[in-house]
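For reference, the structure is listed below as structure tokens.
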Amino acid sequence: MIKTFGKRILAMVVATAVVAGITVTYGIPNVKFKELDSSEPVVMTVNGEEIHADELRAYLKYNKMSMESMLSYYGMDDSIWSDASMGPMMVQQLFDLATQQAIELRVVNQEFQNLGLKLTREEKDEAEQKKRDDIEQIGGETAFQSWLASIGYTEDIYDNSIAISAYADALQDAYYGDNGTKTNTQAILDQFNDSYLCAKHILVQSIDDSGNALTGDALAQAQSKANEALEKVKAGEDFDALIAQYNEDPGMEMYPDGYVFTEGDMVDEFYQAAKALEPGQTSDSLVESGYGWHIIQREPLTEDQLTDDIRDQLIQQITGKAFVEEITDLMDQADVQYTDAYGEATYENLMKLLGESTEDTGAAAADDAAAQAETQSTDAAAE
């Protein structure tokens with residue numbers, strides 16, 4: 001099962017298909033998070049572990065590119081960084097994202113080590129395969145190196161992100177697996193069986209395409225159709241065949257094995273009627289809701305219907321916390337210290353860290369400020 005947090009960690013680095021083709025024997029040496037060799041100044045420490053300027057710079061550059069991609073969608077360009085009104089907020093957000101990324105990777109690694117965890121051979125193989133797959137998708141080793149350079153990453157930083165994704169998955173198992181320290185697989189499965197249902201249905205609608213209630217002959221015809229379907233169900237005809245013939249709920253095409261749901265996911269009439277049935281049993285009367293008439297067949301739940309999202313919800317019900325919140329707590333509890341080299345979250349310091357010039361954009365910002373001051377002066381004179 002792919003863990004949500006592991007996917008989120010990796011998504012910080014692999015926004016789209018990443019990387020390029022290396023040989024099938026190429027992987028991450030030892031699939032292990034490693035401290036990065038650097039001659040650059042220490043900008044911060046996380047529980048005593050040093051983070052150097054080049055690592056922070058990589059996270060700043062990556063997140064800056066991601067934010068600019070989002071901004072371009074809304075028709076904005078990179079001049080926003082030096083904008084007198086929006087710039088400071090954007091720069092602060094960028095520093096926060098990069099800093100949180102650095103902290104997150106460290107606390108996951110530290111918790112993994114503190115619990116004495118080791119990756120299994122299968123987990124290592126999966127991590128190595130992830131990198132090979134990404135490299136193949138991007139187009140080869142040369143393209144991989146170009147991509148890394150474009151976002152300011154070294155291959156070691158990229159490899160660390162893959163390793164941390166694997167560590168996060170292992171942490172989830174340590175917390176919530178068969179011998180979990182916070183809950184366990186069987187407790188989660190029991191909670192799933194106790195609180196979730198699976199059911200398929202035939203819906204004959206009592207509303208039109210605009211959601212308006214049917215009236216007169218249209219309503220009578222719809223109810224007659226629902227009764228006709230019910231009689232065929234009671235006569236023992238194949239339920240799936242009757243769904244194909246009578247059902248007006250398009251969602252059943254996406255969920256041919258039935259909906260998996262808990263209280264609050266469906267209209268209450270549907271939920272209560274499904275709950276009253278035993279697995280394999282079909283309702284012997286029409287169930288009316290605001291959508292129309294349902295004929296419901298409850299299905300047995302299977303373990304493979306326990307999706308990552310449902311599992312996360314159940315873990316939160318049992319423990320009071322989702323895995324992401326556990327990691328957030330570790331981040332909040334971490335002893336994070338900043339050095340003078342970290343600097344203020346300003347546009348000038350951002351450009352300094354990124355090694356980019358502020359001359360042109362700085363002049364533009366000065367012009368904007370001067371224009372704003374002139375406008376304010378004119379407004380004051382008019383008053």
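The values are calculated or read from the model by the stated rules, or taken from the named source; none is laboratory data. This one's a predicted model, so the numbers in the text were calculated from it and none came from an experiment. Please note: Cβ atoms are built from the backbone with ideal geometry, for glycine as well, and neighbour counts cover all protein chains shown. Just so you know, the surface numbers come from the protein's heavy atoms only, side chains and all, with ligands and any DNA or RNA stripped out. Shrake-Rupley method; radii C 1.70, N 1.55, O 1.52, S 1.80 Å.
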Listed candidates [x] 58, 46, 39; [y] 63, 53, 44; [z] 80, 71, 41 - label of the one calculated as Cα extents along the principal axes in Å
[z]
Separation of the range 216-295 and the range 71-139 by C-alpha centroid, Å?
46 Å
Accessible-area composition of the chain, carbon plus sulfur, in percent [1.4 Å probe]
47 percent
Just add up the charged neighbours of S289: K/R +1, D/E -1, any other residue whose Cβ is under 9 Å from the Cβ of S289.
-3
For the range 132-239, accessible area per residue (1.4 Å probe, heavy atoms of protein chains only), Å²
45 Å²
Sequence order, the range 113-126: Karplus ³J(HN,Hα) from phi using 6.51 cos²θ - 1.76 cosθ + 1.60, θ = phi - 60°, Hz rounded, Gly and Pro as x, gives 6, 4, 7, x, 7, 9, 6, 6, 4, 5, 5, 5, 4, 5
Using the Karplus curve 6.51 cos²θ - 1.76 cosθ + 1.60 with θ = phi - 60°, work out ³J(HN,Hα) for each residue of the range 34-41 in order, rounded to whole Hz, and write x for Gly and Pro.
10, 5, 8, 6, 7, 9, 7, x
Interchain or sequence-distant (5+) residues whose placed amide H lies within less than 5 Å of the amide H of I207 are L214
How big is the range 149-230 by Rg and Dmax over its Cα atoms, in Å?
26.5, 71
Using modelled backbone amide H atoms (1.01 Å from N, in-plane), which distant-in-sequence or interchain residues come within less than 5 Å of H52's amide H?
V43
Net dipole in debye of the chain [+1 Lys, Arg Cβ; -1 Asp, Glu Cβ; about Cα centre; nearest 20]
920 debye
From the phi of every residue in the range 206-222, what ³J(HN,Hα) in whole Hz does the Karplus formula 6.51 cos²θ - 1.76 cosθ + 1.60 yield, where θ is phi - 60° and glycine or proline is x?
10, 10, 8, 5, 8, x, 8, 5, 5, 9, x, 4, 4, 5, 5, 5, 5
Residues whose modelled amide H sits under 5 Å from the amide H of E299, counting only those 5 or more places away in sequence or on another chain, are C198, A199, K200, G280
Cross-link partners among aspartates and glutamates for K321, C-alpha distance below 13 Å, same-chain residues fewer than 8 apart left out?
D312, D329
